[in-house]
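The values are calculated or read from the model by the stated rules, or taken from the named source; none is laboratory data. All of these numbers come straight from a predicted model, not from anything done at the bench. With ideal geometry, Cβ positions are generated from the backbone for all residues, glycine too; neighbour counts draw on all protein chains shown. To get the accessible areas, we keep the full protein, side chains included, count just its heavy atoms, and leave off ligands, DNA and RNA. Shrake-Rupley method; radii C 1.70, N 1.55, O 1.52, S 1.80 Å.
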Amino acid sequence: MAGSGHAPLRDDRDDILIRVKDLVMEFPAGGGKVVHAVSGVTFDVAEGETLGLVGESGSGKSTTAKAVIQLPRPTSGSVWFRGQELTELKGEALRKVRPELQMIFQDPISSLNPRRKVSDVVGEGIRVWGGSTDGQFTEARINEILEAVGLDPKIAGERYPHEFSGGQAQRISVARSLVLDPKVIVCDEPVSALDVSVQAQILNLLEDMKERYGLTLLFISHDLSVVKNISDRVAVMYLGKLCEISPSDELYANPAHPYTRALLGAIPEPDNPLAAEAETLSGELPSPITPPPGCRFHTRCKYATDKCREDEPQMEEIRPDHFVACWHPVITDNPVTIKAS
Amino acid sequence: MSEPQLKVEDLRVAFATPRGSVQAIDGLNISLEQGETLAIVGESGSGKSVTVRTVMNLLPSTASIEGNITFDGLDLRNVPKDRAKHLWGVDVAMIFQDPMTSLNPVKRIGSQITESMRYHLKYSKGQAKAKAIELLTQVGIPEPEKRMRQYPHELSGGMRQRVVIAMALACEPKLLIADEPTTALDVTVQKHILDLLGELQRERGMSMILITHDLGVAGGRADQIAVMYAGRIMEEAPASTIFSSMRHPYTEALFESIPSVSDPSHTRLTPIPGRPPDLLNLPTGCRYAARCRYAQVSCTEALPSLESIGTNHSVACYLPVGSSAAIDARAQNEAAGVTAAGLDLHSNMEIL
């Protein structure tokens, strides 16, 4: 998959918050070899939007989202955020932008310092950013945020992370990410370690916080049902390339890329109409050190032809706001419905 | 009807901890026929893994076990020593969640697969090697001869889990226990592994206990589904009926809390409020009462037992979903805004 080209950019809109162009992320692999983790990804995110990133392990979804917030800086490409080119910002200038870009991690317990009280964990950002001149403000802000995420500040603030369940600890992580009033939160598999009953609590909380604080989310998950639920748009990645990007209802109803169709077909629902598409997804993910030429997905794709093995497909708009990078996209007039059991 | 292959009767497992006794399993019954698949579904801490570890005889010495477990007429709690040596790993085998930690990182794949055949079945080196290659082919590993000489770190997660399955099948088990076999894997790999397990099971007429927290996985792969909560089975039913006629409020709530691919995006989810009870300090009545929308005073006073309500369908609840008593109870709780167990139905504040 190929997924290069600037077609998915919505330059006609004036509410674009993040614009990522030709993002490349490479890591040295020893012996002069290079891991091509992300290879030329282009997309944008509008203000208040949630962009879901899906793909198998090794697809580059986490690397992409982290490169957007310059953790670490991308190898090349452009990340534009509210009028500034983040890849060109240095030192203090970049530090000044950081409070606007926050992150929530997968494992709620290990992402909290076990030796510090919850109020210190949540309030650290304010102290670092100079809120400590007015201790009253700091405390009021911590209490407000803890209450917003559904924790009683009087009880929770004085406790330590190990005293909380996974779901509660993830609420604390959400509180910590919100305390500096950010614009963007990168959520890296925030519900994957939680039980389903608690997962729903955290997903609802993220929706509420997004509404209340006007957040824009980059949401990474391997669970396609979760991504559909929370996202406005969904981007499907494979081996460092973008395959398909579209509004989420559209993507799930009219998946056009063979890889998207295989992913949807693998959802464990009895009578999944796309189950046969997942069958074809045989073999292993090729090595990101020597990615296949042409469309990167051709080694596992049942529709692959010689063209796919030689030329890289570009992103094209196949329906309004629905972009696919594939030489043989599946375009039908019959939307797919995957029924729940 | 013949005697079931695996029978667990009134199993109780408690662990001694510095803070007191943790009652992990509290009165559990399982009956599994030859060739059948039972899925045990439940949240972390519900006791599903402890249940199968008891069957596998893998519990630590701090566990105190009560109750009966019979497998093929054999009392698993008192197995004669010479039989024990060739029982677990041979007749009853298990696959664990994380394929990396269940393989030895410093031994080649080949020697790990052949080890059990050499020991239990007294195969010669050549026989064991031939069988191992055959097994690797069966579980869908390309170039099995080459893989035999590799180490676990040279294989992807999906491949490692296939190796683990091949190891478990090496001695032709009659019962296979799979403890969250696909949780650590990608969805695409998950499907392949589950399809593979299903095929192997049909071919060999093997019985299987599948532990999962994913109701979708359970629904597609099992004959019978048991929903566990705080060490007890709340509801048990055939996979074909549990989704259409679930009767326990916990099953219902668990089902409602899962985002569905068929719903449009931003559909509001219905979480289960609160969290599971502390196993050190269990409530007197129903374990689920504190989080239940239907709870009445009777629910907090005595523990409901698992009662049969249809073919292979049983439920442990005084107010099964859909009954008129349940509808009245819920209406009454909604009107009061609070249940008899003290659950505030309109607050989204986390209870600390």
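Give the calculated FRET efficiency between B:Thr241 and B:Val297 to the nearest 0.05, with a Förster radius of 30 Å applied to their Cβ-Cβ distance. Working shown, then result.
Values: r = 31 Å, r/R0 = 1.02.
Here the calculated transfer efficiency is 0.45.
Against the longest principal axis of chain B, how steep is helix B:109-120, in degrees 0 to 90 to the nearest 10, with axes from Cα atoms?
That helix lies at roughly 90 degrees to the long axis.
Which of the listed residues, B:Pro99, B:Val187, B:Ile225, is farthest toward the dipole's positive end in chain B, when Lys, Arg count +1 and Asp, Glu count -1 at the beta-carbon?
It is B:Pro99.
Output ³J(HN,Hα) for region A:266-282: one whole-Hz value per residue in order, computed from phi by the Karplus curve 6.51 cos²θ - 1.76 cosθ + 1.60 with θ = phi - 60°, and x for Gly and Pro.
8, 4, x, 10, x, 6, 5, x, 9, 3, 5, 5, 6, 4, 6, 7, 8
What value, in deg cm²/dmol to 500, does the helix sum -39500 (n - 2.57) over DSSP H runs of n ≥ 4 give at 222 nm once divided by the residues of the protein assembly as shown?
-9000 deg cm²/dmol
Could you pull out every one of the aspartates and glutamates with an alpha carbon less than 18 Å from that of A:Lys90, ignoring same-chain neighbours closer than 8 positions?
Within the straight-line limit of under 18 Å, A:Lys90 reaches these aspartates and glutamates: A:Glu100.
To the nearest 20 debye, what is the magnitude of the charge dipole of the protein assembly as shown about its Cα centre, counting +1 on the Cβ of each Lys and Arg and -1 on the Cβ of each Asp and Glu?
Working: 70 positive and 88 negative charges, 484 e Å.
Dipole size: approximately 2320 debye.
Can you work out the Karplus-derived ³J(HN,Hα) for every residue in region B:128-142? Use 6.51 cos²θ - 1.76 cosθ + 1.60 with θ = phi - 60°, whole Hz, and x for glycine or proline.
5, 5, 4, 5, 5, 5, 4, 5, 4, 5, 4, 8, x, 9, x
Going by alpha carbons, how many degrees (0 to 90, nearest 10) lie between the helix axis of B:187-204 and the longest principal axis of chain B?
Relative to chain B, helix B:187-204 is tipped by roughly 70 degrees.
In nm, give the distance between the simple-model label positions of B:Asp75 and A:Ile331, each being 7 Å from the Cα along the Cα-to-Cβ direction.
Each label point is offset 7 Å from its Cα along the Cβ direction, giving 7.2 nm.
Could you go through region B:9-20 in sequence order and give the Karplus-derived ³J(HN,Hα) for each residue, using 6.51 cos²θ - 1.76 cosθ + 1.60 with θ = phi - 60°, rounded to whole Hz, and x for Gly and Pro?
10, 6, 6, 10, 10, 10, 10, 7, 10, x, 8, x
Return the FRET efficiency for the residue pair B:Ser156, B:Leu59: r is the Cβ-Cβ distance, R0 is 35 Å, and the value is rounded to the nearest 0.05.
0.65
Once R0 is set to 60 Å, what does the formula 1/(1 + (r/R0)^6) return for the Cβ-Cβ distance between B:Glu307 and A:Glu88, expressed as a FRET efficiency to the nearest 0.05?
0.30
Of A:Phe219, A:Pro293, A:Val121, which is farthest on the positive side of the dipole of chain A, counting Cα position, with +1 on Lys and Arg Cβ, -1 on Asp and Glu Cβ, and the Cα centre as origin?
Farthest towards the positive end: A:Val121.
Within chain B, which is the longest segment containing none of the trypsin sites (Lys or Arg not before Pro) that sit in a DSSP loop and have at most 16 other Cβ atoms within 10 Å?
The answer is B:150-267.
Which lysines, if any, have their Cα less than 21 Å from the Cα of A:Lys96, not counting same-chain residues under 8 positions apart?
Counting by Cα, and skipping residues close in sequence, A:Lys96 has these lysines nearby: A:Lys66, A:Lys183.
Could you work out the mean count of beta carbons from other protein chains within 10 Å of each residue's beta carbon in A:262-275?
4
Amide H neighbours of B:Met234 under 5 Å, at least 5 residues apart or on other chains, H built in the peptide plane: list them.
Amide H neighbours of B:Met234: B:Val227, B:Met228, B:Tyr229.
I want to check the label-to-label distance for A:Asp120 and B:Ala325. Put each point 7 Å from Cα in the C-beta direction and report it in nm to one decimal.
Taking the simple label geometry, A:Asp120 and B:Ala325 are separated by 5.3 nm.
Quick one: accessible area per residue over region B:63-134, 1.4 Å probe, rounded to a whole number of Å²?
On the way: 3970 Å² over 72 residues.
Heavy-atom SASA per residue in region B:63-134 reads 55 Å².
Measure nothing but the geometry: give the 0 to 90° angle between the long axis through the Cα atoms of B:324-336 and the longest principal axis through the Cα atoms of chain B, rounded to 10°.
The angle comes out near 60 degrees.
I want to check the label-to-label distance for A:Ala29 and B:Asp195. Put each point 7 Å from Cα in the C-beta direction and report it in nm to one decimal.
2.7 nm
Let me make sure I get this right: for the protein assembly as shown, a, b and c are the square roots of the gyration tensor eigenvalues over alpha carbons, sorted descending. Under 1.5 in a/c it's rounded, otherwise prolate if a/b > b/c, else oblate. Which is it?
Verdict is oblate for the protein assembly as shown.
From the cross-link list B:Lys107/B:Lys129; B:Lys122/B:Lys191; B:Lys85/B:Lys122; A:Lys61/A:Lys228; B:Lys48/B:Lys129, which pairs have alpha carbons spaced over 25 Å apart? Let's see the in-between values first.
Details: B:Lys107/B:Lys129 15 Å; B:Lys122/B:Lys191 35 Å; B:Lys85/B:Lys122 13 Å; A:Lys61/A:Lys228 16 Å; B:Lys48/B:Lys129 35 Å.
Pairs exceeding 25 Å: B:Lys122/B:Lys191; B:Lys48/B:Lys129.
In region B:6-222, what percentage of the DSSP-assigned beta bridges are antiparallel, given to the nearest 5?
Around 55 percent of the beta bridges assigned by DSSP in region B:6-222 are antiparallel ones.
Label point 7 Å out from A:Arg73 along Cα-to-Cβ: which residues of region A:15-45 have amide N under 12 Å?
No residue passes the distance filter.
For A:Arg296, enumerate residues with amide H under 5 Å from its amide H, sequence gap 5+ or separate chain, H modeled in the peptide plane.
A:Ala2
Rounded to the nearest 20 Debye, what is the dipole magnitude of chain A about its Cα centre when Lys and Arg each give +1 and Asp and Glu each give -1 at the C-beta? Numbers along the way, then the final one.
Numbers: 36 positive and 49 negative charges, 203 e Å.
Charge dipole, chain A, about its Cα centre: 980 debye, nearest 20.
For region A:18-56, which trypsin sites (Lys or Arg not before Pro) pass both filters: DSSP loop (anything but H, G, I, E, B) and at most 14 other C-beta atoms within 10 Å?
Values: sites: A:Arg19, A:Lys21, A:Lys33; in loops: A:Lys33.
Filter output for region A:18-56: A:Lys33.
By DSSP, what percent of the beta bridges with both residues in the protein assembly as shown are antiparallel, rounded to the nearest 5?
60 percent
Are there any trypsin sites (Lys or Arg not before Pro) in region A:101-191 that are in a DSSP loop and have at most 13 other Cβ atoms within 10 Å? List them by number.
Passing sites in region A:101-191 are A:Arg115.
Work out how much length A:Lys302 to A:Glu158 would gain on full extension: take 0.36 nm times their residue separation and subtract the Cα-Cα distance, in nm to one decimal.
Values: separation 144, 0.36 × 144 = 51.84 nm, distance 5.72 nm.
46.1 nm is the gain from fully extending A:Lys302 to A:Glu158.
Using the crude model of +1 on Lys and Arg Cβ and -1 on Asp and Glu Cβ, and no other charge, please compute the dipole size for region B:1-89 relative to its Cα centre, in debye to 20. If you can, show how the numbers build up before the last one.
Details: 9 positive and 11 negative charges, 93 e Å.
Dipole of region B:1-89, to the nearest 20 debye: 440 debye.
Could you name the lysines in cross-link range of A:Lys117, using Cα to Cα under 23 Å and dropping any fewer than eight places away on the same chain?
A:Lys154
Considering the zone a paramagnetic label at A:Asn113 would reach in this model (a point 7 Å from Cα along the Cα-to-Cβ line), which residues of region A:137-175 have amide N under 13 Å from it?
Of the residues in region A:137-175, A:161 have backbone N under 13 Å from the label point off A:Asn113.
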